[in-house]
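S.K.: Can you read through this structure? Questions will come right after.
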Ligand SMILES: *Cc1c(COP(=O)(O)O)cnc(C)c1O
């Protein structure tokens, strides 16, 4: 045999047909090179991260946990489980922890959807919902959102239309409350009557990635409805208000039988040693959390009103981001910000080419954004 180059391999034809159709995540920008180019002048307002964290208790826990990094993490995340269960008044057996809530959203579809078990979500719903369906080879049913002219929640989830779209082959419904990228939310009574009308064998996932911001603004979590509806699943994350996006920790609350199915497929060591320790400490550090929620609230209101004054109205928000209306095409606005080192998120992929999603940064970052647009 000669030792020349191997013949080109076409792995797409070797892959299973579901995997062969999937595409890699497109990060949009090369943040590593942008950080080198702009240094401390870079304002990263594209991923809805918390600019104030992580908190001091989480940092101290991470330092202490470093020495344990030679050991595998606790596959049951017992300490974190206990902290979350106690705070939310649920049984630990109703929790599953994930490498970010992204992993849990994917895992749900892997376990409860298939080419014959469909997945349903709203137009403008969080992008991972469609990815989860595709990865499971499941048909996606995308339900039209409320119209842009809707007074209550323009572009928001239409729970009545979603209920009507539930046919016998639908097994999984994904809702986000508040939703990313629109920031829209539905209220508790609306969700309760929706759940009353949904067949028990349809699992309803409420993604509450922004729960802390939402509750701080007077919103009510779906968790209180868990005792009434066994088919309700609530997902949450440490990536947003807890400022631990880089560590990848999320969790879900569900019926114990749902958790058992998910545990069968979950990678045993999916949440690392340092991540578990930091999440645990951050969860208990309510003082730091409240302070960061207050700062976000103040900055969000300032940013929204200043942007409106400059001609960029945004949708109402109970999160740490705003969806800006830039007219027909947000491209030139995004480009102008980008050249000034302010990273935002274009919305063309969601079919909202005239909109731009902007995270609420710290005071300096928001001021920079406003200066560029002025
Ligand atoms: C950011 C976000 C998530 C998840 O993030 P993880 O970092 O994977 O926990 C989930 N849902 C929504 C709606 C989000 O905006």
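Bear in mind that the values in this text are calculations on the coordinates, not laboratory data. Predicted model, so just to flag it, every value in this text is computed and none were measured. Cβ: placed from backbone, ideal geometry, glycine included. Neighbour counts: every protein chain shown.
S.K.: Considering Cα pairs under 8 angstrom that are at least six residues apart, work out the relative contact order of region 72-171 and quote it in whole percent.
M.R.: 23
S.K.: Now, a different point. Kirkwood Rh over alpha-carbon pairs of region 1-154, then Stokes-Einstein at 10 °C and 1.306 mPa s: what D in µm² s⁻¹, rounded to an integer?
M.R.: 76
S.K.: Translational D (Stokes-Einstein, µm²/s) of region 322-374 at 37 °C and 0.692 mPa s when Rh comes from the Kirkwood sum over C-alpha pairs?
M.R.: 296
S.K.: Let a ≥ b ≥ c be the square roots of the eigenvalues of the Cα gyration tensor of region 147-305; is it rounded (a/c under 1.5), or, if not, prolate (a/b larger than b/c) or oblate?
M.R.: The shape class here is oblate.
S.K.: Quick check: Cα centre of region 8-45 to Cα centre of region 100-156, how many Å?
M.R.: 22
S.K.: Report the calculated FRET efficiency for residue 287 and residue 164 (r = Cβ-Cβ distance, R0 = 45 Å), to the nearest 0.05.
M.R.: Step by step, r from the Cβ atoms, then E = 0.50.
S.K.: Next question, about the same structure. So, R0 is 45 Å and r is the distance between the beta-carbons of residue 130 and residue 305; what FRET efficiency does that work out to, to 0.05?
M.R.: The calculated FRET efficiency here is 0.85.
S.K.: Moving to a separate point now. Rounded if a/c is under 1.5, else prolate if a/b is larger than b/c, else oblate: which is region 167-257, with a ≥ b ≥ c the root eigenvalues of its Cα gyration tensor? Walk me through the numbers before you get to the answer.
M.R.: Details: a/c = 1.89, a/b = 1.50, b/c = 1.27.
Note, shape of region 167-257 comes out prolate.
S.K.: Counting each DSSP H run of 4 or more residues in the chain as -39500 (n - 2.57), what helix-only mean residue ellipticity at 222 nm follows after dividing by all residues, to the nearest 500 deg cm²/dmol? Before the final figure, lay out each step's value.
M.R.: Values: 14 runs with 143 residues, N = 374.
About -11500 deg cm²/dmol.
S.K.: Separate question: Please report the spacing between the Cα centers of region 357-374 and region 222-291 in Å, no decimals.
M.R.: Using only Cα atoms, the two centres lie 30 Å from each other.
S.K.: Restricting the count to DSSP beta bridges whose residues both fall in the chain, what percent are antiparallel, rounded to a multiple of 5?
M.R.: 45
S.K.: Looking at region 276-359 from every direction and averaging, what is the projected area of its Cα convex hull in nm²? Don't skip to the answer; put the middle values down first.
M.R.: Numbers: hull surface 28.5 nm².
For region 276-359, averaging the hull's shadow over all directions gives 7.1 nm².
S.K.: Just subtract the alpha-carbon distance of residue 93 and residue 25 from 0.36 nm times their residue separation and send over the number in nm, one decimal.
M.R.: Taking 0.36 nm per residue and subtracting the Cα distance, the gain is 21.2 nm.
S.K.: Using only the Cα atoms of the chain, what are the Rg and Dmax in Å?
M.R.: Cα-based Rg and Dmax for the chain come out at 21.2, 73 Å.
S.K.: Hey, another quick one. Tell me the label-point distance for the pair residue 197, residue 11, using the 7 Å Cα-to-Cβ offset, in nm and rounded to one decimal.
M.R.: 4.6
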